[in-house]
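**Q** Here it is, the structure, as structure tokens.
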Amino acid sequence: MINPSQPHPIRIRSLMGKSAYVILMLITSLSFLALYISPETFVLFQWIGVVLPLLLCCNLFLLIIALYKRSWYSICPLIAILANFHYYPHKFQMHQPEEGNLAEIKFATYNVHEFKMIYNISSMEHIAEYFSAQQLNTLCLQEIPADCTEADLRQVFTSMPYVLTTGGDGKHFQLAILSKYPLDSISTISFPERPNCALFADMTVNSKKIRIANFHLQTTNWNQVKGTLLHEEHTQGSWADALGVISSNFRFRGKQVDSLRSILDRSPYPLIVSGDFNNTPVSYGYRILKGDLNDAYQEAGNGYGYTYRYFMKLYRIDFVLYSGTTMQARNYRLGAVEYSDHLPVLVDLDIK
């Protein structure tokens with residue numbers, strides 16, 4: 001005779017499994033809040049945005065299991081997957097590239113990783129040759145070495161005589177804007193809490209002014225903290241410290257994008273905003289910077305969208321945004337080069 005007072009492990013496991021379905025559904029379905037809630041207010045939603053690809057994979061796995069078992073709990077992962085409709089256009093596009101495009105602005109943004117390849121061999125000449133072969137006429141570069149001068153860049157990138165940098169202090173990375181078109185009205189925006197910065201310049205194309213913005217927002221610091229995690233004995237404390245550092249950097253980026261947004265809103269000219277945002281498309285920072293601008297990948301991309309070569313190619317953190325009322329993206333593509341941990345983003349822009 002069964003004693004009713006005895007625990008029933010099978011039922012408990014079943015309850016825990018069903019609870020996992022529901023909890024995972026709720027967490028995944030809340031990803032859209034990462035777009036609207038500042039990390040200064042509540043940083044957890046930014047984490048949900050970052051791990052969203054993994055959450056969706058887990059939900060897909062549970063959906064397959066539930067369908068196989070013919071469980072009505074399959075509705076939970078299905079809801080989670082459908083609730084993230086806002087994410088999929090940022091990862092998959094099917095625009096066909098235009099052949100023989102003669103766009104006025106052949107643009108690229110690239111985090112050059114200090115112009116260092118393996119064994120610290122310089123990649124500057126290789127990058128310049130690649131962009132020259134692509135017939136580009138305007139570049140925004142991030143992580144330029146502190147000791148690299150405008151004269152150095154002008155000497156290597158010979159097809160772009162107009163070169164501007166943020167000017168190194170001998171300690172921190174620089175940003176650079178290079179173009180074959182005249183550049184003026186330069187301004188550098190420094191962030192008081194961090195060495196990251198932004199560079200603005202006005203470019204004249206066929207008598208029309210366009211404001212170029214090159215951003216390198218606060219890094220996640222993952223590359224710095226992961227070494228500690230791999231070699232630290234007290235891993236519990238190390239993980240807590242690492243997560244705290246990354247969460248703090250979410251907040252730094254939140255402050256940075258708020259200040260940059262106010263500057264962008266005051267621009268008297270159409271905008272091209274690009275750079276290494278260190279934010280995914282499901283983040284507060286991306287939404288604030290995008291505003292009413294067009295995302296070149298969404299307008300002209302073809303295939304799977306990512307720009308960071310590591311982390312299983314899950315993340316698109318380098319962007320080209322532009323004023324859709326005066327410009328149109330014709331082609332969007334990634335450079336098939338391995339001179340950095342990022343890939344260059346190349347966009348052909350027509351002026352309407």
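The values are calculated or read from the model by the stated rules, or taken from the named source; none is laboratory data. These figures come from a predicted structure and were not determined experimentally. Every residue, glycine among them, receives a Cβ derived from its backbone with ideal geometry; neighbour counts consider all protein chains shown.
**Q** Select from the stretch 26-70 the residues that are buried (at least 18 other Cβ atoms within 10 Å of the Cβ) and of a type in the set (Ser, Thr, Tyr) and write down the one among them that is nearest to residue 261 (Cα to Cα).
**A** Selected residue: 38.
**Q** Residue 293 is checked against (1) in contact with a Lys or Arg (Cβ under 8 Å, 6 or more places away or on another chain); (2) surrounded by fewer than 23 Cβ atoms within 10 Å (Cβ to Cβ); (3) at pLDDT 95 or above and fails just one. What number does that condition carry?
**A** Exception for residue 293: condition (1).
**Q** Is it the case, given these coordinates, that residue 127 is in the same structural domain as residue 204 (by TED's automatic domain parsing) and in a helix (DSSP H, G or I)?
**A** Criteria met by residue 127.
**Q** Could I ask something else about it? Picking from 106, 18, which residue would you name as being assigned to a helix (DSSP H, G or I), surrounded by 11 or more Cβ atoms within 10 Å (Cβ to Cβ) and charged (D, E, K, R)?
**A** 18
**Q** Next up: Is it true that some residue in the stretch 149-159 is within 18 Å of residue 333 (Cβ to Cβ), modelled with pLDDT of 95 or more, surrounded by fewer than 22 Cβ atoms within 10 Å (Cβ to Cβ) and assigned by TED's automatic domain parsing to the domain that holds residue 345?
**A** Checked against the condition, which is being within 18 Å of residue 333 (Cβ to Cβ), modelled with pLDDT of 95 or more, surrounded by fewer than 22 Cβ atoms within 10 Å (Cβ to Cβ) and assigned by TED's automatic domain parsing to the domain that holds residue 345, the stretch 149-159 yields no hits at all.
**Q** Does residue 171 qualify as being over 24 Å from the mean Cα position of the chain (by Cα) and touching a residue at least 40 places away in the same chain (Cβ under 8 Å)?
**A** Taking the combined requirement at face value, the residue does not satisfy it.
**Q** Would you pick out the residues in the stretch 45-55 that are in a helix (DSSP H, G or I) and either out of contact with any Pro (no Cβ under 9 Å at 6 or more places or on another chain) or charged (D, E, K, R) (or both)?
**A** Hits for the stretch 45-55 are 47, 48, 50, 52, 53, 54, 55.
**Q** Conditions: (1) at pLDDT below 95; (2) in a loop (DSSP other than H, G, I, E, B). Residue 306 meets all but one. Number of the miss?
**A** That leaves (1) as the condition not met.
**Q** Can you name the residue in the stretch 82-103 that is crowded, with 17+ Cβ neighbours inside 10 Å and not in a helix (DSSP H, G or I) and, of all such residues, is modelled with the lowest pLDDT?
**A** Ranking the candidates gives 103 first.
**Q** Continuing with this model, one more query. Residue by residue through the stretch 318-352, note down the ones that are β-branched (Val, Ile, Thr) and closer than 24 Å to residue 120 by Cα.
**A** Residues satisfying the conditions are 337, 345.
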